[in-house]
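The structure under discussion appears below in the form of structure tokens.
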Amino acid sequence: MIFRAKGIPLHINELLVGIITRNPEKQGEQLIFIGDAAPYGDYLAILSCAPASYTGLPTVFNISSLDHLADGDIVSIGPDGIVRTVYRTNSFYNTILATERCNSNCLMCSQPPKDKNDIPYLFELYRRVIPLIPKDCVELTVSGGEPTLMGERFFELLELITRELPDTEVHVLTNGRSFAWDHLAERLARIDNPRLMLGIPVYADYYQVHDHIVQARGAFDQTILGLHNLARHGIRLEIRVVLHQQSIPRLTRLARYIFKNLPFAEHVTFMGLEYTGYTPHNIEQLWIDPYDYNNELTEAVEFLAGQGMHVSIYNAQLCVMPERLWPYARKSISDWKNDYLPACESCSKLDDCGGLFTWNLKKCSAYIQPLSA
């Protein structure tokens, strides 16, 4: 999947954000026209694969291809001639990147944090993007880094989403540590968005294990306190557990801890390991074949489900897990990073299986095999 293109900019002196169209009959100051024969009209900018020519408008020429863009997509254009896709209108999987900064440093982080102040740029970018998103957008994810490191801008961003997209499900992925300070949980509750849910990881029932996994002393206490503060203010919550060598030994005890201490969680997800970011570097202390933790996963899932909690399994393949877990398995991997092994092509359950992350094709279970009808 292509999210970035580059060409030669002309008359572009600042960040531009607009909606893609190839229809010359549509005009408007929010539209960015794609075409080699650019019309003279009311557009924010022109994108073209052709050599430079006069348009009188901000233009990016000589782009190798624009086939990855659909009418209705939202893009940003920088003075450097880089065109970034920031919203795909035909995709269910759209994410707002709040910041690449983080106050944890998880062993298996799929997007390692970067120590740069990207918050003013990203806030300004999405302050312009959000009003352009179609009002029938089903779901939007806010992720990072750690989104709450935006400070007050985090809440302003959510207020803007709530105002512009009142019917959109909003899923914020956060480590929850900031909400150990109750006034921040109370600030979030004041936004009063019933479609807002926070996905917060808890990796163990014991603080030393959780703190080791996230590489941050005191993180467990802050996360649990944050979860309780959020619940007290009526925020909808999801608990996320990544499955690997560090979390599996206490997985069944974690399930009981969640039921006893976090019963207000609306959803509990058990997630397969991504082989990207920090994971390849820490693979010796993380990798366990998913087939080999089926007993622990089955007990944890069935215990929570038996208590009436909503449970899901993400990033997992049906052929690797026992059939009794299939009802909990979801097709959760975003379309642009979802893939299958060649052996999967003949599988009778291919359409029902969540498959793998593209980067997990080179590190996956040895037990993946096509199922017969």
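The values are calculated or read from the model by the stated rules, or taken from the named source; none is laboratory data. The model shown is predicted, which means the values in this text are computed figures rather than measured ones. When we count neighbours, we look across all protein chains shown, and the Cβ atoms used for this are built from the backbone with ideal geometry, even at glycine. Accessible surface areas use protein heavy atoms only, side chains included; no ligands, DNA or RNA. Shrake-Rupley method; radii C 1.70, N 1.55, O 1.52, S 1.80 Å.
Please state the relative contact order of the range 274-372 as a whole percent: Cα pairs under 8 Å, 6+ residues apart? Walk me through the numbers on the way to the answer.
Details: 119 pairs, mean separation 31.5, N = 99.
Relative contact order comes out at 32 percent.
Quick one: net charge around Gln222, please, counting Lys, Arg +1 and Asp, Glu -1 for every other residue with C-beta under 13 Å from its C-beta. Intermediate results must be reported in sequence, preceding the final value.
On the way: positive: Arg177, Arg217; negative: Glu146, Asp182, Asp211, Asp221.
My count for the surroundings of Gln222 gives -2.
Tell me, what is a quarter of the convex hull surface for the C-alpha atoms of the range 115-227, in nm² with one decimal? Please list the in-between numbers first.
Values: hull surface 29.3 nm².
Average of the hull's projected areas for the range 115-227 equals 7.3 nm².
For the range 1-116, the Cβ-based charge dipole about the Cα centre amounts to some 380 debye (Lys, Arg positive; Asp, Glu negative; other atoms uncharged).
Largest first, the three principal axis extents of the alpha carbons in the range 19-135 are 51, 31, 24 Å in whole numbers. Here the simple spin-label model places points 7 Å from the Cα toward Cβ, and for Asn62 and Asp335 these points are separated by 3.3 nm.
Length gain on complete extension for the stretch Gln208 to Lys6, per 0.36 nm per residue less the alpha carbon to alpha carbon distance?
Working: separation 202, 0.36 × 202 = 72.72 nm, distance 4.65 nm.
That works out to 68.1 nm of additional length.
Each stretch of four or more DSSP H residues adds -39500 (n - 2.57); spread over every residue of the chain, this sum gives -6500 deg cm²/dmol at 222 nm.
Given +1 at the Cβ of Lys and Arg, -1 at the Cβ of Asp and Glu and no other charges, the dipole of the range 95-357 around its Cα centre is 540 debye to the nearest 20. Extension gain, Ala70 to Arg195, is 42.2 nm, computed as 0.36 nm per intervening residue step minus the present C-alpha separation.
At a probe radius of 1.4 angstrom, the accessible area of the range 4-87 per residue rounds to 46 square angstrom.
Stokes-Einstein diffusion coefficient for the chain at 20 °C in a medium of 1.002 mPa s, Rh from the Kirkwood formula over Cα pairs: what value in µm²/s?
Values: Rh = 22.4 Å.
Approximately 96 µm²/s, per Stokes-Einstein.
Once R0 is set to 30 Å, what does the formula 1/(1 + (r/R0)^6) return for the Cβ-Cβ distance between His183 and Arg127, expressed as a FRET efficiency to the nearest 0.05? FRET efficiency, His183 to Arg127: 0.80.
For the chain, with all protein chains present and a 1.4 Å probe, just round the carbon and sulfur fraction of the accessible area to a whole percent. It would help to have the intermediate numbers written out before the result.
On the way: 8340 of 17020 Å².
About 49 percent, which is the carbon plus sulfur part of the accessible surface.
Overall shape of the range 186-299 was characterised from the C-alpha gyration tensor. The equivalent ellipsoid obtained from it has semi-axes of 26, 15, 14 Å, in decreasing order. Residue ranges 78-84, 147-153 sort as 147-153, 78-84 when ordered by packing (mean number of other C-beta atoms within 10 Å per residue, highest first).
Note down the Stokes-Einstein diffusion coefficient of the range 71-111 in µm²/s, whole number, using a Kirkwood radius over alpha carbon pairs, 10 °C, and 1.306 mPa s. Could you put the intermediate results ahead of the total?
Working: Rh = 12.9 Å.
The estimated diffusion coefficient comes to 123 µm²/s.
Taking the Cα centre of the range 171-213 as origin, work out the dipole magnitude from +1 charges on Lys and Arg Cβ and -1 charges on Asp and Glu Cβ, in debye rounded to 20.
On the way: 4 positive and 5 negative charges, 41 e Å.
Computed charge dipole of the range 171-213: roughly 200 debye.
Within the same chain, lysines fewer than 8 places from Lys135 are excluded, and of the rest, those with a Cα less than 30 Å from its Cα are Lys6, Lys26, Lys331, Lys337. Spin-label model, Asp352 to Asp289: label points 7 Å out along the Cα-to-beta-carbon direction sit 2.4 nm apart.
With each label modelled as a point 7 angstrom along the Cα→C-beta vector, the Ala373-Thr298 pair spans 2.8 nm.
Placing unit charges on the Cβ atoms of the charged side chains and taking the dipole of the range 254-313 about its Cα centre, the candidate lying farthest along the positive direction among Ile283, Tyr293, Phe303 is Phe303.
Across the options Leu47, Ile12, Ile63, the greatest Cα extent toward the positive end of the charge dipole of the range 4-87 (unit charges at beta carbon of Lys, Arg, Asp, Glu) belongs to Ile63.
For the range 4-87, the spherically averaged projection of the C-alpha convex hull amounts to 4.5 nm².
The Cα center of the range 149-197 and the Cα center of the range 200-273 differ in position by 20 Å.
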